[in-house]
Amino acid sequence: MIFHSPAKLNLYLHIKQKYQDGFHEIDSLFVRINLYDIITVSDAPGSDIKRNGDLSYLKKDDLCYKAALALKQKSDCNFGCSVTLKKRIPIGAGLGGGSSNAATVLKGLNKLWNLRYTREDLKIIAKEIGADVPFFIEEANCFGTGIGENLIAISDSEFLPKYYVILTPNIKVSTALIFENFQLTKQHFLRPKISENEKVDILSLQKPFFTFGCNDLESTVVSLFPEISRYLQSMKNIAGKFGIPVESCRMSGSGSTIFCGLPTKENALSFKNMLCNSLKKDLREKKLAIHVSELFN
């Protein structure tokens with residue numbers, strides 16, 4: 001059985017407070033994009049979990065393996081399986097590749113082993129693997145609160161930009177490092193928040209460009225990685241030439257990926273070409289990658 005495991009962007013990311021257990025309360029909008037890894041799950045003799053393909057981590061740190069093991073333990077089944085991963089999503093780029101892979105393995109093995117767990121059942125298991133994993137179980141664009149596990153699925157995504165110019169520097173950013181250096185201030189508590197009770201006033205966001213909120217981790221990341229600051233400024237310069245609000249250029253997650261959402265494919269391709277031209281030396285030296293993506297269906 002073959003599955004696509006999509007990347008995500010945080011269209012905004014507000015940090016509200018730090019919990020006693022060390023995790024942070026967030027308020028964010030997660031969207032899935034059509035940059036994806038490919039995961040194949042199949043039966044295997046015995047009861048072992050076999051790993052194949054692009055193995056970037058030791059077994060104990062591999063979220064695909066953790067997901068398969070968690071599902072076996074939850075279901076108390078004795079099935080074996082083979083999980084093959086073909087990586088396309090950059091690692092350490094704020095795109096949620098590992099979390100997406102874990103969720104895809106949970107969903108894939110649930111089908112392969114005919115366990116018949118519901119989406120809510122899988123989200124409970126997913127939360128134990130990682131804060132972003134439940135989002136990828138949801139299979140929809142979502143507002144997320146708590147540590148990211150409280151999700152409000154968006155049934156109509158028409159207000160979202162459909163196309164995204166995505167710049168990923170060849171820089172792996174550690175989420176733990178960023179949060180270690182992040183400083184909460186009073187202004188973080190005062191950030192505009194889309195309330196769980198109010199759901200969302202879609203009409204207030206329905207504009208050609210997404211400019212609501214910001215990414216609170218961005219200033220920390222660019223202070224630690226000046227090259228990301230330079231790339232972000234280049235993107236904002238292109239936005240200015242297009243008449244696009246510079247606030248629509250921002251970072252995803254804890255970095256290193258930055259992006260700009262645009263309403264049409266033509267806009268996105270023109271923007272990408274200008275950005276590539278402005279950073280052609282960095283592209284030639286393979287310091288970054290730039291591509292156009294769209295919302296994942």
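Derivation of every value follows stated rules applied to the coordinates shown; laboratory data play no part. The structure presented is a predicted model; accordingly, all values stated were derived computationally and were not measured. As a convention, Cβ positions derive from the backbone with ideal geometry for all residues, glycine included, and neighbour counts pool all protein chains shown.
Working from Cα pairs under 8 Å separated by at least six residues, relative contact order for the chain is 23 percent. When only the Cβ of Lys, Arg, Asp and Glu is charged (+1, +1, -1, -1), the dipole of the chain relative to its Cα centre reaches about 840 debye. Taking 0.36 nm per residue of separation and subtracting the current Cα-Cα distance, fully stretching the chain between SER157 and ASN297 would add 49.3 nm. Working from the Cα coordinates of the chain, the gyration tensor eigenvalues give, after taking √(5λ), semi-axes of 32, 22, 19 Å in decreasing order. Taking packing as the residue-averaged number of other Cβ atoms within 10 angstrom, the listed peptides 278-284, 230-236 run from highest to lowest as 230-236, 278-284. The chymotrypsin sites (Phe, Trp or Tyr not before Pro) found in the stretch 43-106 that occupy coil by DSSP, while having at most 16 further C-beta atoms within 10 Å, are TYR57. Taking the longest Cα principal axis of the chain as reference, the axis of helix 226-242 is set at about 60 degrees. Computed over every Cα-Cα pair of the stretch 240-296 and binned at 10 Å starting from 0, the pair-distance distribution P(r) comes out as 20, 55, 25, 0 percent. The base-10 log of I(q)/I(0) for the stretch 2-153, evaluated at q = 0.12 Å⁻¹, reads -0.48 [Debye formula, identical scatterers on Cα atoms, solvent excluded].
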